[in-house]
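A quick write-up on the structure given underneath.
The values are calculated or read from the model by the stated rules, or taken from the named source; none is laboratory data. Quick caveat: nothing in here was measured; it's all calculated off a predicted structure. We place every Cβ from the backbone using ideal geometry, glycine too, and count neighbours over all the protein chains shown. Side chains included, ligands, DNA and RNA excluded: accessible areas come from the protein's heavy atoms. Shrake-Rupley method; radii C 1.70, N 1.55, O 1.52, S 1.80 Å.
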Amino acid sequence: MPHRPFIVGNWKMNGTRAQLAEARAIERGAARHAGVRVGVAPPFTLIAAMAEDGQAIVVGGQDCHAEERGAFTGDVSAVMLKDAGAGFTIVGHSERRAMHGESDAAVKAKAETALAAGLEVIVCVGETEAQRDSGQAEAVVSAQLDGSMPRDESAAGRVTVAYEPVWAIGTGRVPSAADVAAMHAAIRGRLGVIYGEDGAAVRILYGGSVNAGNAAELLAVTDVGGALVGGASLTADSFLSIVSAAGTSEE
Ligand code: PEP
């Protein structure tokens, strides 16, 4: 693996303050795996508390608005995330794209605003099952990258791509190691077109039904620089098993 692996939990709309005990357990476990970078994106309401508690993990948002401030009821800006203690934000998760109609252009605008606010950004891309079945997976993901990746000068060093096949999210189904390798190679090639030489520095995570049982195999695939983990990140036990697998795959 070319980079220190990055394992990121996406808690989605799960977690009240009662979950802070689990976050502290994740923090303690992460401190034992210095070779792995560990991130958690809790609901916005928990970011400040988790950022105050945790030195061994980086806390992030799950989304942000493309504007810095203004009359956008219910939204959260990148500046607010940064102020609350976040180090990164996810943008373009397939649930945002599907349920909130977010286009590639909207995702790119959010990513650029987040970078300007001093956050790192994780940009999610991935094909649907129908797109994979019809042989369009790589073309779809390439088009998403072209439209969604931020183009700021310093972007490449602070951006991570998460390849998350939509059909693998929350389903218990994962692509074969060969399919993950092929897609990550295609993404790497496209990042070279977008960022030139700097594209080689962009980390590419795999996401979609990663769990304690399959993490080691997925993380061992060429150019898989870590994982974005949904369901299995909600308990310290299962999440730390994945962190531990990342530590092993790195050795
Ligand atoms: C996700 O939604 O980012 C995700 C990877 O979910 P899960 O691990 O539950 O498939």
Count the net charge of all other residues whose Cβ sits under 14 Å from the Cβ of A86, scoring Lys and Arg as +1 and Asp and Glu as -1.
-> -2
So for the chain, taking the charge dipole from beta-carbon charges (+1 Lys/Arg, -1 Asp/Glu), which of G207, Y163, I187 sits furthest toward the positive end?
-> G207
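Please compute the Kirkwood hydrodynamic radius of segment 1-124 from all pairs of different C-alpha atoms, in Å with one decimal.
Result for segment 1-124, one decimal place: 14.8 Å.
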Restricting to the chain, what percent of DSSP beta bridges are antiparallel, rounded to 5?
-> 0 percent
Find out how many positive minus negative residues lie around L20, taking Lys and Arg as positive, Asp and Glu as negative, among other residues whose Cβ is under 11 Å from that of L20.
-> -2
Restrict the search to segment 3-104; then list the chymotrypsin sites (Phe, Trp or Tyr not before Pro) that DSSP places in a loop and that have at most 13 other Cβ atoms within 10 Å of their Cβ.
-> F72
Percent of accessible area on the chain owned by carbon and sulfur, 1.4 Å probe?
-> 51 percent
The answer for GluC sites (Glu not before Pro) in segment 1-88 that fall in a DSSP coil and have at most 15 neighbouring Cβ atoms within 10 Å is E67, E68
For Q55, what is the net charge nearby, where nearby means another residue's Cβ is under 14 Å from its Cβ and Lys, Arg count +1, Asp, Glu -1?
-> +1
Along the charge dipole of the chain, which of C124, A23, A245 sits closest to the positive end, that is, farthest toward it, with unit charges on the beta carbon of Lys, Arg, Asp and Glu (+1, +1, -1, -1)?
-> A23
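Write down the accessible area per residue of segment 20-97 in Å², having rolled a 1.4 Å probe over the full set of protein chains. Mind dumping the intermediate values first?
Working: 3470 Å² over 78 residues.
Here the per-residue accessible area is 45 Å².
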Working out 0.36 nm times the residue gap between V193 and R28, then minus their Cα-Cα distance, what length gain in nm do you get to one decimal?
-> 55.4 nm
accessible surface per residue for segment 101-251, probe 1.4 Å, DNA/RNA/ligands not counted, whole Å² -> 37 Å²
Determine the dipole magnitude for segment 49-132: charges of +1 sit on the beta-carbon of Lys and Arg, -1 on that of Asp and Glu, nothing else is charged, the reference point is the Cα centre, and the result goes in debye to the nearest 20.
-> 140 debye
Any idea what the relative contact order of segment 95-216 is, in percent, if you count C-alpha pairs under 8 Å spaced at least 6 apart?
-> 28 percent
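When only C-alpha pairs under 8 Å and at least 6 residues apart count, what is the relative contact order of the chain, in percent?
Details: 525 pairs, mean separation 55.5, N = 251.
Taking the mean separation of contacting Cα pairs over the length of the chain, I get 22 percent.
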The orientation-averaged projected area of the Cα convex hull of segment 186-251, in nm², is 4.8 nm²
Could you pull out the longest piece of the chain with no exposed loop trypsin sites (Lys or Arg not before Pro) in it, calling a site exposed if DSSP puts it outside H, G, I, E, B and it has at most 14 other Cβ atoms within 10 Å?
-> 70-150
Taking the Cα atoms of segment 67-171, report the difference between the largest and smallest coordinate on each principal axis, in whole Å and largest first.
-> 43, 31, 22
Kirkwood-Stokes translational diffusion coefficient of the chain, alpha-carbon pairs, 25 °C, 0.890 mPa s, µm²/s | 138 µm²/s
Net length gained if the chain between D75 and D53 were fully extended (0.36 nm per residue, minus Cα distance) | 5.4 nm
What number, rounded to the nearest 500 deg cm²/dmol, is the helix-based mean residue ellipticity at 222 nm of the chain, given -39500 (n - 2.57) per DSSP H run of at least four residues and division by all its residues?
-> -12500 deg cm²/dmol
Compute the distance in nm between two label points, each set 7 Å from the Cα along the Cα-to-Cβ direction, one at S103 and one at S154.
-> 3.0 nm
